[in-house]
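Right, I'll just put the structure down here and ask away after.
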């Protein structure tokens, strides 16, 4: 194994180490996670709410205790009501979304995004029908009430409310004895994805809850599959939340088993059920008192990807008339849109852009450049091409420096071969020292070609984060790729292949194949200057990484592998251009002249020599 091979292996390991460091949680994040885990023991009582009905007989409310007759009669009333009342659906819609509200539960029944379709050209529904629930559990007159099973009455005469020039409101009311009622008011404005929801409690001061002053809201959604690549979509489908005046946090989307519920004993600003390109977000005017959240995985073959559920504590002052304002966001994960309208709440963090320097590159450079080009160019394949050219031009000095370093190593190769002939293989350390001495004399650094490449890695990682979740690429075709946001399969098969099906998938993506071939060819041409004495097995080691990336990226966005393919072609073209301006004989003469020149001594070296002379003269 020669010097170049060893250095290449070390460089590859270094890249992965740097990548791991960049994505390693900060000490503050680790402390926050530790504090969250430590607090679970203090909030075990929150779990009691799941047994609310089962433990009904043991609960005390206003000096009374519900009897078995009360429980059974309440269940019968609910069954009779459900069997005899027709569940009517009301709609409020603007130019962007259509929200259907069910009389049963008075809850959001479905949300359709009008400007988007699924991968098979069906309407996009963030949730629909019984795949969601939204409501409260409490007690009135010592009897349990589950608003999800109660029938509200619409306060609107219209079954469909179209929002055009001004905001419109759809109201649903659940009435009790006397003047007691709960009313949900859904308000929608033109041109917005936000739905304002005011919950009015009138005459409900005797409403009893498990925790004094806190009304628990349960919100559950099954997230449907919208995209062609289920595995890739699942990798970006997860539950996000923001702690009050703190950072945004989320569940691990790539987990292979149901994660443990998160119990947040402190205030929470919002909770978001996010899939690859769209989100359903529930925001409080100020904050929720606390939250318990859970994420569940759905089996392969299900029409749903994951199950989200949250129990959110709402502050309740038990006044005669009280209004609790909430806000929904039902829309795309579009960075510019979310930052503009919800930047104070950091909702733009729903768009995956990485961490640290990767996040800065995406937010400051990539997203703005992509957005600027899309204003003037309609074809996103051309946009990616132009963006790649711009990035490669900006990085041209680094690329040229890397090429020059490679050229210097190439013209010095005959001298390196002589060193290797003179010094036997057994004296590897002596060989290395002689080689480094030669490099030092001519002023060549072995790292000269690698450091510029290493400095370009953050750009590649930024693209790795940006393309798979960029909604701008969704269902945008280019050449044979019908959708740049998912894989561009040109060959598919149904046979299950062990290990291969889980990683590579049951298809072959053409852009991924082209990316791999171009990477291998570029590496082969750039490494022609390496010693012919390398072991054949060692020579092939440099091709392991491209093959590994082919297996990793075969399920990824075609836009991403198309970008990597373009970057390889442009780099290859730049190297051909650089060769036209470099005379290898002239370059060798310059290096030889440097070797012949006496080396300039640093001030430190001169001082040390002067000190040595003074000490010698004293003797």
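The values are calculated or read from the model by the stated rules, or taken from the named source; none is laboratory data. All figures in this text were calculated on a predicted structure; none of them were measured in a lab. Glycine also receives a Cβ, built like all others from the backbone with ideal geometry; neighbour counts cover every protein chain displayed.
Restricting attention to region 150-160, which residues are closer than 18 Å to residue 181 by Cβ and free of Cβ contacts under 8 Å to residues at least 40 places away in the same chain?
Passing the criteria: only 155.
Continuing with this model, one more query. Residue 413 - would you say it is in contact with a helix residue (DSSP H, G or I) (Cβ under 6 Å, 6 or more places away or on another chain), within 30 Å of residue 585 (Cα to Cα) and surrounded by fewer than 16 Cβ atoms within 10 Å (Cβ to Cβ)?
no
Oh, and also: Picking from 392, 408, which residue would you name as being under 30 Å from residue 590 (Cα atoms), out of contact with any helix residue (DSSP H, G or I) (no Cβ under 6 Å at 6 or more places or on another chain) and touching a residue at least 60 places away in the same chain (Cβ under 8 Å)?
Result of the check over 392, 408: 408.
Looking at this structure, is residue 163 closer than 22 Å to residue 340 by Cα, in contact (Cβ under 8 Å) with a residue 24 or more places away in the chain and surrounded by 19 or more Cβ atoms within 10 Å (Cβ to Cβ)?
Spelling it out, it is not the case that residue 163 is closer than 22 Å to residue 340 by Cα, in contact (Cβ under 8 Å) with a residue 24 or more places away in the chain and surrounded by 19 or more Cβ atoms within 10 Å (Cβ to Cβ).
Matching residues to (1) outside any loop (DSSP other than H, G, I, E, B); (2) over 28 Å from residue 285 (Cβ atoms):
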residue: 191; (1), (2): no, no
residue: 197; (1), (2): yes, no
residue: 218; (1), (2): yes, no
residue: 222; (1), (2): yes, no
residue: 245; (1), (2): no, no
residue: 259; (1), (2): no, yes
residue: 270; (1), (2): yes, no
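Checking residue 230 against (1) under 21 Å from the mean Cα position of the chain (by Cα); (2) modelled with pLDDT of 90 or more: exactly one of these is not met. Which one?
(2)
Identify the residue in region 295-323 that is closer than 24 Å to residue 284 by Cα and not in a strand (DSSP E or B) and, among all such residues, is farthest from the chain's Cα centre (by Cα).
Checking each candidate, the answer is 320.
Which fully enclosed helices (runs of 4 or more DSSP H) of region 501-619 have 1 or more residues being at pLDDT 70 or above, assigned by TED's automatic domain parsing to the domain that holds residue 435 and under 30 Å from residue 485 (Cβ atoms)?
So the answer is 510-526, 544-553, 558-580.
Of the residues that make up region 246-256, is at least one in the same structural domain as residue 105 (by TED's automatic domain parsing), crowded, with 19+ Cβ neighbours inside 10 Å, touching a helix residue (DSSP H, G or I) at 6+ places or on another chain (Cβ under 6 Å) and under 21 Å from residue 555 (Cβ atoms)?
For region 246-256, residues in the same structural domain as residue 105 (by TED's automatic domain parsing), crowded, with 19+ Cβ neighbours inside 10 Å, touching a helix residue (DSSP H, G or I) at 6+ places or on another chain (Cβ under 6 Å) and under 21 Å from residue 555 (Cβ atoms): absent.
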